[in-house]
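Trainee: Would you mind keeping the following structure in view while I ask a few things?
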Amino acid sequence: MSKDSTKDLYKLISQISVYALGKRKPDAVTVRRMKNTAAGFIKDSAANCATARGLIACIEGHYEEAVKQHTLATKLNKNPHHVMHYAVSMRTLGYPAEAYRLVQSVMSQMPDQMGLLSAEISLSFESGHYEDVLRFHDEMLRIKLENVPTNVLLFVYFSNLLLELNIDSSVFPVIAKLFESIHDKYQKEPFDSYAIEFNPENKGELFYWVTTTADEQTIAVMNAELASEIALLKYDLDDYHTGFRAPQTSSAEISIDKLNKYLFDMNAQRTQSRL
């Protein structure tokens, strides 16, 4: 696949994931803009174009069109990423069994199992499919992949806690909008990084931070405004803690051994609960 069109495809996927996560359909203007973007891929990669159209059909709720476009993409290009995007659409449309079948169909074809599974964990996390994050991690454990990237492990950790605490995932697009509006109010530079805090001693709470280059005083003001807005939301967020903070080096301080042990134990508990 072309590097340029693939980069643009993933930008479009990020926009699509907001609607998938919020379980809502985009308006007609947004759909038309997305479809125009997808059409722009066709000269460079017809498969990318078909995959994009399949994902757009998915958030519109058009099952037949999604299947048609994703099937076309997999015929045009044998790269397993197209099959995995097909699986994402099936999960979003409410067909988890078909999604699982599609994922399994390409497992043996993957030249880079770590890269593909890591990408799908990231995609599942960003699109709000937290149970699928855990399924992909289960697959990592099954085939005994080692040296999994820290950010991927944190996605798994976050997803597990999110499901355990039974937090309504529809709140996250709302919180994301709050972050964006408050940050834009006080800062000109865009923010594009966040941190999930791993604390194995405190399993009953989630900590999620967005980094900003704002000074300490401005961060305090931004967090006060954010807290006030979140308090007005009609969601149970007692165990969810979030806010702005300056860039940290916490990712380097994370004990990978502790994180892996926590996730391994978590997987064992889930396996036992199924028996």
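Trainee: I'd like the residue in segment 216-264 that is modelled with pLDDT of 80 or more and basic (Lys, Arg) and, out of all such residues, is most open to solvent (accessible area, probe 1.4 Å).
Mentor: Out of the qualifying residues, it is 234.
Trainee: OK, next. Of all residues in segment 143-173, count the ones that are of a type outside the set (Phe, Trp, Tyr) and under 18 Å from residue 257 (Cβ atoms). Reasoning before the result, please.
Mentor: Initial filter on segment 143-173 (of a type outside the set (Phe, Trp, Tyr)): 143-154, 156, 159-171, 173.
Narrowing further to those that are under 18 Å from residue 257 (Cβ atoms): 144-154, 156, 160.
Qualifying residue count for the region: 13.
Trainee: Select from segment 48-94 the residues that are among the charged types (D, E, K, R) and in contact with an Asp or Glu (Cβ under 9 Å, 6 or more places away or on another chain) and list them in ascending order. If you could, list the steps in order and put the result at the bottom.
Mentor: Applying the first criterion (among the charged types (D, E, K, R)) to segment 48-94 yields 53, 60, 64-65, 68, 75, 78, 91.
53, 91 - these are the residues of segment 48-94 that are among the charged types (D, E, K, R) and in contact with an Asp or Glu (Cβ under 9 Å, 6 or more places away or on another chain).
Trainee: Run down 33, 91, 24 and say which single residue is modelled with pLDDT under 95, open to solvent by 80 Å² or more (accessible area, probe 1.4 Å) and in a helix (DSSP H, G or I). Please lay out each step first, then the result.
Mentor: Numbers: 91 fails: open to solvent by 80 Å² or more (accessible area, probe 1.4 Å); 24 fails: in a helix (DSSP H, G or I).
Only one candidate qualifies: 33.
Trainee: So which residues in segment 99-129 are hydroxyl-bearing (Ser, Thr, Tyr), under 9 Å from the mean Cα position of the chain (by Cα), open to solvent by less than 20 Å² (accessible area, probe 1.4 Å) and modelled with pLDDT of 75 or more, if there are any at all? Let's see the steps before the verdict.
Mentor: From segment 99-129, those hydroxyl-bearing (Ser, Thr, Tyr) are 100, 105, 108, 118, 122, 124, 127; that's our starting set.
After this cut, where a residue has to be under 9 Å from the mean Cα position of the chain (by Cα) as well, the list is 122, 124, 127.
Those still in the list that are open to solvent by less than 20 Å² (accessible area, probe 1.4 Å) too: 124, 127.
Scanning segment 99-129 gives a single hit, 124.
Trainee: Which of (1) surrounded by fewer than 13 Cβ atoms within 10 Å (Cβ to Cβ); (2) polar (S, T, N, Q); (3) modelled with pLDDT under 85 does residue 267 not meet, given it meets every other one?
Mentor: Result: residue 267 passes all but (1).
Trainee: Another question, if that's okay. Residue under question is residue 135, and the condition is that it be more than 30 Å from residue 176 (Cα to Cα) and out of contact with any Ser or Thr (no Cβ under 6 Å at 6 or more places or on another chain); does it hold?
Mentor: Numbers: more than 30 Å from residue 176 (Cα to Cα): no; out of contact with any Ser or Thr (no Cβ under 6 Å at 6 or more places or on another chain): yes.
So residue 135 fails the test.
The values are calculated or read from the model by the stated rules, or taken from the named source; none is laboratory data. Everything numeric here is computed off the predicted structure, so don't read it as measured data. Methodologically, a virtual Cβ is constructed for each residue, glycine included, from the backbone with ideal geometry; neighbour enumeration extends over all protein chains shown. To get the accessible areas, we keep the full protein, side chains included, count just its heavy atoms, and leave off ligands, DNA and RNA. Shrake-Rupley method; radii C 1.70, N 1.55, O 1.52, S 1.80 Å.
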